[in-house]
Amino acid sequence: MSRILIINGPNLNMLGTREPGIYGYDTLADIEKMCQEEAKGLGLKVDFRQSNIEGEIITWIQQAPLQGFSGMIINGGAYTHTSIAIMDALLILEIPIIEVHITNIFKREEFRHLSFVSPAAEGVICGLGSRGYPLALKALAEMI
Ligand code: CA2
């Protein structure tokens with residue numbers, strides 16, 4: 001069974017508790033449940049993680065092939081717009097990567113329009129809320 005690593009960056013652990021007007025009412029636990037259900041139907045196994053620490057995210061990315069993951073979904077949170085280190089780690093990977101954002105980053109402040117994740121991603125889903133995660137899993141299932 002193919003394994004998919006889903007990485008969530010800083011502050012995404014706050015989903016559903018603050019700013020529902022921007023990020024919706026789903027918590028990160030709700031999103032994980034959605035992903036686990038979708039993965040079951042697609043015959044995939046999901047490892048769902050969140051970290052507020054840039055270095056920890058980079059270590060997870062580096063270890064992904066060694067740990068046998070066949071694909072990755074990443075919502076880098078605000079590190080998306082700042083982290084060349086995360087981009088460098090992603091660019092080394094040879095597994096398909098889908099970038100997900102809950103909000104449409106292009107409808108928001110200009111500093112969110114730049115993504116250091118996109119150059120390493122097969123595709124980007126943004127602005128579709130938490131539904132973006134199961135949609136990304138569907139896309140990965142077709143690619144793998
Ligand atoms: O739209 C997304 O998924 C983002 O990656 C979310 C990041 C933001 O910095 C990106 O520009 C776009 C922020 C996640 C913070 O989530 C919160 C949730 C509730 C309360 C406060 C923050």
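The values are calculated or read from the model by the stated rules, or taken from the named source; none is laboratory data. These numbers come from a predicted model, not from an experiment. Cβ coordinates were reconstructed from backbone atoms using ideal geometry, including for glycine residues, and neighbour counts include every protein chain displayed.
A search for C-beta distances below 8 Å between a residue of segment 64-91 that is on the phi > 0 side of the Ramachandran plot and any residue that is more than 16 Å from the ligand (Cβ to nearest atom) and modelled with pLDDT of 95 or more, counting only pairs 6+ apart in sequence or on different chains, returns GLY68/ARG3.
Of everything in segment 96-129, what is within 13 Å of ILE6 (Cα to Cα) and not in a strand (DSSP E or B)? Give them in sequence order.
Filtering segment 96-129 down to residues within 13 Å of ILE6 (Cα to Cα) leaves 96-101.
Selection gives PRO96 alone.
Of the residues LEU91, LEU66, the single one that is more than 14 Å from ALA120 (Cβ to Cβ) and surrounded by fewer than 17 Cβ atoms within 10 Å (Cβ to Cβ) is LEU66.
So is GLY55 away from the ligand (no atom under 13 Å from the Cβ), of a type in the set (Gly, Ala, Ser) and either modelled with pLDDT of 95 or more or within 18 Å of ALA139 (Cβ to Cβ) (or both) or not? So that I can check it myself, show each step before the final result.
Numbers: away from the ligand (no atom under 13 Å from the Cβ): yes; of a type in the set (Gly, Ala, Ser): yes; either modelled with pLDDT of 95 or more or within 18 Å of ALA139 (Cβ to Cβ) (or both): yes.
It is true that GLY55 is away from the ligand (no atom under 13 Å from the Cβ), of a type in the set (Gly, Ala, Ser) and either modelled with pLDDT of 95 or more or within 18 Å of ALA139 (Cβ to Cβ) (or both).
Test ALA141 against the stated conditions and say whether it is assigned to a helix (DSSP H, G or I), of a type in the set (A, V, I, L, M), buried (at least 16 other Cβ atoms within 10 Å of the Cβ) and within 16 Å of the ligand (Cβ to nearest atom). Answer is no for this residue. Tallying residues that are within 15 Å of the ligand (Cβ to nearest atom) and crowded, with 16+ Cβ neighbours inside 10 Å within segment 1-12 yields 6. Filtering segment 32-57 to residues that are hydrophobic (A, V, I, L, M, F, W, C) and closer than 23 Å to MET1 by Cα leaves MET34, CYS35, ALA39, LEU42, LEU44, VAL46, PHE48.
Are any residues in segment 13-30 near the ligand (Cβ under 10 Å from one of its atoms), in contact (Cβ under 8 Å) with a residue 40 or more places away in the chain and surrounded by fewer than 20 Cβ atoms within 10 Å (Cβ to Cβ), and if so, which ones? Those that are near the ligand (Cβ under 10 Å from one of its atoms), in contact (Cβ under 8 Å) with a residue 40 or more places away in the chain and surrounded by fewer than 20 Cβ atoms within 10 Å (Cβ to Cβ): ILE22, TYR23, GLY24.
Taking GLU122 as the residue in question, decide whether it is over 10 Å from the mean Cα position of the chain (by Cα), within 11 Å of the ligand (Cβ to nearest atom) and without any contact (Cβ under 8 Å) to a residue 40 or more places away in the chain. Steps first, answer last, please.
Details: over 10 Å from the mean Cα position of the chain (by Cα): yes; within 11 Å of the ligand (Cβ to nearest atom): no; without any contact (Cβ under 8 Å) to a residue 40 or more places away in the chain: yes.
Criteria not met by GLU122.
When restricted to residues that are among the polar types (S, T, N, Q) and touching a residue at least 40 places away in the same chain (Cβ under 8 Å), segment 41-63 contains 3.
Yes/no per residue for (1) buried (at least 16 other Cβ atoms within 10 Å of the Cβ); (2) farther than 17 Å from GLY9 by Cα; (3) in contact with a His (Cβ under 8 Å, 6 or more places away or on another chain):
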{"residue": "GLN50", "(1), (2), (3)": "yes, no, no"}
{"residue": "MET72", "(1), (2), (3)": "yes, no, no"}
{"residue": "ASN75", "(1), (2), (3)": "yes, no, yes"}
{"residue": "GLU109", "(1), (2), (3)": "no, yes, no"}
{"residue": "ALA120", "(1), (2), (3)": "yes, no, no"}
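Please work out if GLU38 is more than 15 Å from the ligand (Cβ to nearest atom), touching a residue at least 40 places away in the same chain (Cβ under 8 Å) and either among the acidic types (Asp, Glu) or closer than 22 Å to MET87 by Cα (or both).
yes
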